[in-house]
Amino acid sequence: VSGLADPNGGYYAGNIRAVRGLDSTKGLGGAGGWTMVIIYENQNESSKNISIFDGFQTIDGSNDVDVTYSGFKTIPAGPVRAEFIVGALEGDGGIGGDQFQIEDNTNTYVDISNAVNPANNFFNGSISRNAAITTTRTPSSTNTLGFDVDILSISGSTNPSNNIIGNGDTTADVR
């Protein structure tokens, strides 16, 4: 979009074949999707530190995947506020047991959940921002048939006393 004179607007894609076939060793079929992260500067807002992990891991119900976010440093004092953008393929609403966890300051992984993403079915085919389904998109369905993207705020009551992400932290481990 950087080459457009006016990049503002809606962008849509559909019916894109991702893969054909079945991985018989894992019993997994094909799925496809993407999340676009757009970073821009707004002179009227305070500065932000942005770190992005771009990767793909297969989770089949018998394994956990740990990811370390790094390349940032939280404020030295005061309440730490962070946002995570997380996504999953095949995060179907009817298939529970999946979780999103962050390692806290005691080296314990704690469940992250909210009104849209329950602790026992976090990746549930929703597209949400801060515990609310995002309806200002096209299509604005509430069930994306397995594609799941969520923007989570880790601050205030979800980061009490900076127990999950602390002052001066330079990494965050998620599972």
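Between residue 16 and residue 58, full extension at 0.36 nm per residue minus the direct alpha carbon distance yields a gain of 13.0 nm. On the beta carbon distance between residue 8 and residue 142, with R0 = 30 Å, the FRET formula returns roughly 0.70. The share of C-alpha pairs in the range 34-74 whose separation exceeds 17 Å stands at 56 percent. Taken about its Cα centre, the chain carries a charge dipole of about 360 debye when Lys and Arg each add +1 at the Cβ and Asp and Glu each add -1 at the Cβ.
Given a 1.4 Å probe and heavy atoms of the protein chains only, how would you sort 95, 164, largest accessible area at the top?
95, 164
Using label points projected 7 Å from each Cα along Cα→Cβ, tell me how many nm separate residue 151 and residue 40, to one decimal. Result for the modelled spin labels: 1.2 nm.
Counting only Cα atoms, the chain measures 51, 48, 28 Å along its principal axes, largest extent leading. Which residues in the range 134-175 place their backbone N less than 13 Å from a point set 7 Å from the Cα of residue 108 along the Cα-to-Cβ direction? Answer for the range 134-175: 163-164.
How much length is gained on full extension from residue 131 to residue 119, taking 0.36 nm per residue of separation minus their Cα-Cα distance?
Separation in residues times 0.36 nm, less the Cα-Cα distance, equals 3.1 nm.
The values are calculated or read from the model by the stated rules, or taken from the named source; none is laboratory data. Quick caveat, the model's predicted, so the values are computed rather than measured. Please note: Cβ atoms are built from the backbone with ideal geometry, for glycine as well, and neighbour counts cover all protein chains shown. Accessible surface areas use protein heavy atoms only, side chains included; no ligands, DNA or RNA. Shrake-Rupley method; radii C 1.70, N 1.55, O 1.52, S 1.80 Å.
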